[in-house]
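Here the structure is laid out as structure tokens; the discussion comes afterwards.
The values are calculated or read from the model by the stated rules, or taken from the named source; none is laboratory data. The model shown is predicted, which means the values in this text are computed figures rather than measured ones. Here the Cβ positions follow ideal geometry from the backbone for every residue, glycine too, while neighbour counts run over all protein chains shown.
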Amino acid sequence: MKITSDFEAAKLLLKRGQLELEKATPEVSRRLKQIFGKKIDPVQAVAQIISEVRDKGDKAVKGFTQRIDGITLESLEVKKGEFKGAYGKVDRELIEALNAAADQVRSFHQLQLLHSFKDFMADGIGQLVRPLERVGIYVPGGTAYYPSTVLMTAIPARVAGVGEIIIATPPGKDGKVPAATLVAADIAGADRVFKVGGAQAIAALAFGTRSIPRVDKICGPGGLFVTIAKRMVYGVVDIDGLYGPTETVILADDSASAECCAADLLAQAEHDVLSAAILITTSAELAAAVDKEVNRQLKGLERADIAQRSLQERGHIIIVDDMEQAIALVNLYAPEHLALMVRNASSHIDSIRNAGGIFIGESSPEVLGDYVAGPSHVMPTGGSARFSSPLGVNDFLKITSVVALSDEDARMLAPVAAAIARAEGLTAHARAAELRLKKRRE
């Protein structure tokens, strides 16, 4: 891993740019040319996919699944009987683990529930909190499968009381959704699952097709094309956010275990070559020990090639003078995950303004947050922790304001409204307010 002890250089290193969705790797560019028969960038490709799915529905969805994934689909929806059959294909140990994780996730999100307040007689104002009617959950898949993401997205929606939860996830090469994903969907309370991935899935959820119902909001992480598609359909439907590659910052001092720090960095790096795993430490000795430990632990990993490339290209070890510098870098970078491996870790929480999730101490590693601790593992990336939050119950609720003023309230407030309205040149507004005074006098 690259090691630096220059604070100013570290600030430049961690400074965020905008989320770049137009650029493509040479491999992606070549693949796009194969699929579309011309030179085309990712944004143009997604725009074409969305347009065709909007106009041609299921036919376009199946067509792009064949062209992009090489999979021919007879039907788009997973049949009800497949859910029951999935249990027989999944190890009992995994089923028990998914149920245990679901209980934790459900318990945490029940604490997030907002409530209506409508004491109109006392205050004349209030709010109604209602769940969305139908949401679409995107779960990445294809070359790998993520039952944990099913739990982390569908359970908050179910706790919120969403009327219908639709999951879209890419099928495997056999044209089927992995059994573990179906088991997780059943445990989480999803209503329907569609074996569709990529931009075509996002377009189908946004506009609806004969097979796939139109939703009110699309949530969940995805790759480049899913992210572009979510950005393009925003406004037609709501979205939870735009997610880039996953990222972790470990903030450690000389009390931290080099072995644990290295293990946590590698757990992040094995996600993807674009993942970012960063150690910020006040100890040069720990920095050297972690670097050595990372190289030792790499040898036993199934995804060692991916993790090694991630660490070489995006991994950093930054040595700082003190915790003040360390926290300044954290707030600048606004990481998705922040692990505090320092003495008196909890005492630093108030100073940390920007982080999707904070993991306090060596007993609270990110991996437990990924699977079982309770909060959703769908968290803001790319610096968006400066202004956004992890996925939660509130993402699946909408609030309606209620105004039910008494005659006395109206008499007091109407002159205020009228004065402001006239200052804005909105005479009709002013007259509508003053009419209430006139009717009161009559």
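Summed over the range 394-442, the residues that are surrounded by fewer than 11 Cβ atoms within 10 Å (Cβ to Cβ) and in a loop (DSSP other than H, G, I, E, B) give a count of 3. When VAL43, VAL28, VAL78 are checked against the criterion of being among the β-branched types (Val, Ile, Thr) and either within 30 Å of LEU332 (Cα to Cα) or without any contact (Cβ under 8 Å) to a residue 12 or more places away in the chain (or both), VAL43 stands alone in meeting it. If you go through the range 344-359 and keep only what is under 17 Å from CYS260 (Cβ atoms) and in contact with a His (Cβ under 9 Å, 6 or more places away or on another chain), you end up with ILE358, PHE359.
Being touching a residue at least 24 places away in the same chain (Cβ under 8 Å), within 23 Å of ALA229 (Cα to Cα), touching a helix residue (DSSP H, G or I) at 6+ places or on another chain (Cβ under 6 Å) and of a type outside the set (D, E, K, R) holds for only one residue in ALA168, ALA188, ALA180, ALA160, and it is ALA168. The residues of the range 300-323 that are free of Cβ contacts under 8 Å to residues at least 40 places away in the same chain, more than 19 Å from GLU259 (Cα to Cα) and hydrophobic (A, V, I, L, M, F, W, C) amount to a single one, ILE306. Can you confirm whether the range 370-388 contains a residue that is among the aromatic types (Phe, Trp, Tyr), assigned to a loop (DSSP other than H, G, I, E, B) and within 19 Å of the chain's Cα centre (by Cα)? There is at least one residue in the range 370-388 that is among the aromatic types (Phe, Trp, Tyr), assigned to a loop (DSSP other than H, G, I, E, B) and within 19 Å of the chain's Cα centre (by Cα).
Applying the criterion of being part of a helix (DSSP H, G or I) and either farther than 20 Å from TYR146 by Cβ or without any contact (Cβ under 8 Å) to a residue 60 or more places away in the chain (or both) to the residues of the range 81-96, the residue that is nearest to the chain's Cα centre (by Cα) is GLU96. Pairing residues of the range 353-376 that are assigned by TED's automatic domain parsing to the domain that holds ALA262 and farther than 22 Å from LEU151 by Cα with residues that are assigned to a strand (DSSP E or B) and small (Gly, Ala, Ser), at Cβ distances under 9 Å and at least 6 apart in sequence or on separate chains, gives ILE360/ALA339; GLY361/ALA339; GLU362/ALA339. Is there a residue in the range 192-212 that is modelled with pLDDT of 95 or more, over 30 Å from GLU93 (Cβ atoms) and among the charged types (D, E, K, R)? The answer is yes; a qualifying residue exists. Taking only the range 324-348 into account, find how many residues are part of a loop (DSSP other than H, G, I, E, B) and in contact (Cβ under 8 Å) with a residue 12 or more places away in the chain. Result for the range 324-348: 5. Checked against (1) within 18 Å of the chain's Cα centre (by Cα); (2) closer than 29 Å to VAL159 by Cα, SER364 passes all but condition (1). Reported count of residues in the range 165-220, each being acidic (Asp, Glu) and in contact with a Gly (Cβ under 9 Å, 6 or more places away or on another chain), is 2.
Based on what the data block shows, is GLN104 surrounded by 13 or more Cβ atoms within 10 Å (Cβ to Cβ) and outside any helix (DSSP H, G or I)? In short, no. Any residue in the range 386-401 that is modelled with pLDDT under 95 and acidic (Asp, Glu)? Among the residues of the range 386-401, not one is modelled with pLDDT under 95 and acidic (Asp, Glu), which makes the answer no.
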